[in-house]
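To start, the structure under review is shown below, and the notes come after it.
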Amino acid sequence: MADHDSAQDNGNRPVYVERVNAVIDYIEANLADELTLAKLADVAHFSPYHFHRVFGTLVGETLNRFIGRLRVERAATLLVQHPDRSVTTVAMDCGFTSPSSFARAFKEAFGMSATAWRAGGYLDYQREPGESIRDVIGNIGSVTAGYGIIAADLQPESGNITWRIRCGSLEPATVTVEELPTLRVAYVRHTGRYQGLGEVFAGLFTRLMTWAQPRGFVRAESWLLALYHDNPSITEDDRLRVSVCISVPPDTETFGDVGQMDVDGGTYAVGHFELGEQDYPEAWYALAGGWLPDSGYEPDDRHPYERYFIGRPARDPGKQLVDICLPVRPLRRY
């Protein structure tokens, strides 16, 4: 058995930092260009789905906000250093697509117009702590307080590792890496916002169980899932999709709003939690933001999901047992 108080020396997080730094360097060198999520994800060697979350975890803000800040800060510098350039030229050189979008962004960032800034407003400007991109860059690679790996225990009988992780305000949890089966599931799907809306999930599971129970599919060994098709950091709220699912035999007939699909099997990081209704975001962050960068794994291009257990109560009656299943593959270096 091998215990480690910290995972900072294992050489895995620096690979993530290296990839994110490469994206930041690319953004700085190409601010005037269209910086698409697909292109930047390709620079980082992540899928767009996972790259947005990895970037936000390490940098501390969303990709779009980062780019917007960098552009407006560059413009503020150029306005002072190059008084011969028009405000419109500076805006275009920094990647703004129209004078109006630049004017709004500049006023929001600095509390004054670009013209007023150039005329001397910059001399009196006092930024709020933590506002500058420079502060954000300085924190890349640091572990967010309250999250990360506590210990990694080698299981002699299997040769596998079980991690113990910090989960912020939640109780510490365990993480394992497992080969999960491909599942045939019946599902009911929701399109629209679901974050923090317990009534959405309650309604979906009620509809699914009303269909599944009479057909004998609700059993202790059944897989009961909430599968997420989209990344909330990328997709607009009204277009987010979640499917609540139950495993069924291959020859099952479905109809109406109950559909069926295959959930891909493969290697998953499985975080084992006891969660209340409002605990899910923190648990997801603990797995994807605290454990993953130090684990030796990176996200794979399959859908993540939550697994719930039929007939297995949590120790706390106000919570439930939940496995958060994140598809992963070995971390690659480029």
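What follows draws every value from the coordinates through simple rules; no lab data is involved. Just so you know, these numbers come straight off a predicted model, no measurement behind them. All Cβ positions, glycine included, derive from the backbone under ideal geometry; neighbour counts span all protein chains shown.
Taking square-rooted eigenvalues a ≥ b ≥ c of the alpha carbon gyration tensor, is the chain rounded, prolate or oblate, where a/c under 1.5 means rounded and, failing that, a/b exceeding b/c means prolate?
On the way: a/c = 2.43, a/b = 1.74, b/c = 1.40.
Cα axes put the chain in the prolate bin.
Near D279, within a Cβ-to-Cβ distance under 15 Å, what is the net charge of the other residues, with Lys and Arg +1 and Asp and Glu -1? Before the final figure, lay out each step's value.
Working: positive: R166, R315, K319; negative: E171, E274, E277, E282, E306, D316, D323.
Within the 15 Å Cβ shell, the charges total -4.
Once you wrap a convex hull around the alpha carbon atoms of the stretch 163-243, what is its projected area averaged over all directions, in nm²? Working shown, then result.
Numbers: hull surface 29.7 nm².
Averaged projected area of the stretch 163-243's Cα convex hull equals 7.4 nm².
When all alpha-carbon pairs of the stretch 253-334 are counted, what percent fall beyond 15 Å?
Numbers: 2137 of 3321 pairs.
Of all Cα-Cα pairs in the stretch 253-334, 64 percent lie more than 15 Å apart.
Just to check, using Stokes-Einstein with a Kirkwood Rh over alpha carbon pairs, what's the diffusion coefficient of the stretch 184-334 at 10 °C and 1.306 mPa s in µm²/s?
Numbers: Rh = 16.4 Å.
Answer, rounded: 97 µm²/s.
First measure r as the distance between the Cβ atoms of E34 and V200, then evaluate 1/(1 + (r/R0)^6) with R0 = 30 Å and state the FRET efficiency to the nearest 0.05. Don't skip to the end; give the middle numbers.
Numbers: r = 35 Å, r/R0 = 1.17.
In this case the efficiency is close to 0.30.
Grab the beta carbon distance between E277 and E179, set R0 = 35 Å, and tell me the FRET efficiency rounded to 0.05. Could you put the intermediate results ahead of the total?
Working: r = 30 Å, r/R0 = 0.87.
Rounded to the nearest 0.05, the efficiency is 0.70.
Taking the simple approach of a point 7 Å from Cα along Cα-to-Cβ for both T62 and Q155, what is their distance in nm?
Reported label-point gap for T62 and Q155 is 3.8 nm.
Using only helices, what value at 222 nm comes out for the chain when you add -39,500 (n - 2.57) per DSSP H run of length 4 or more and divide by the total residues, to the nearest 500 deg cm²/dmol?
Values: 10 runs with 107 residues, N = 334.
So the helix-based figure for the chain works out to -9500 deg cm²/dmol.
Using +1 at the C-beta of Lys and Arg and -1 at the C-beta of Asp and Glu, which of F273, L292, Y194 has the Cα lying farthest in the positive direction of the dipole of the chain?
Going by the Cα projections, it comes out as Y194.
Which net charge results for the neighbourhood of H229, defined as the other residues with beta-carbon distances under 12 angstrom from its beta-carbon, given Lys and Arg at +1 and Asp and Glu at -1?
On the way: positive: R189, R239, R241, R302; negative: D230.
Local net charge: +3.
Mind checking the angle between helix 63-81 and the chain's longest principal axis? C-alpha axes, 0 to 90 degrees, to the nearest 10.
Roughly 10 degrees between the two axes.
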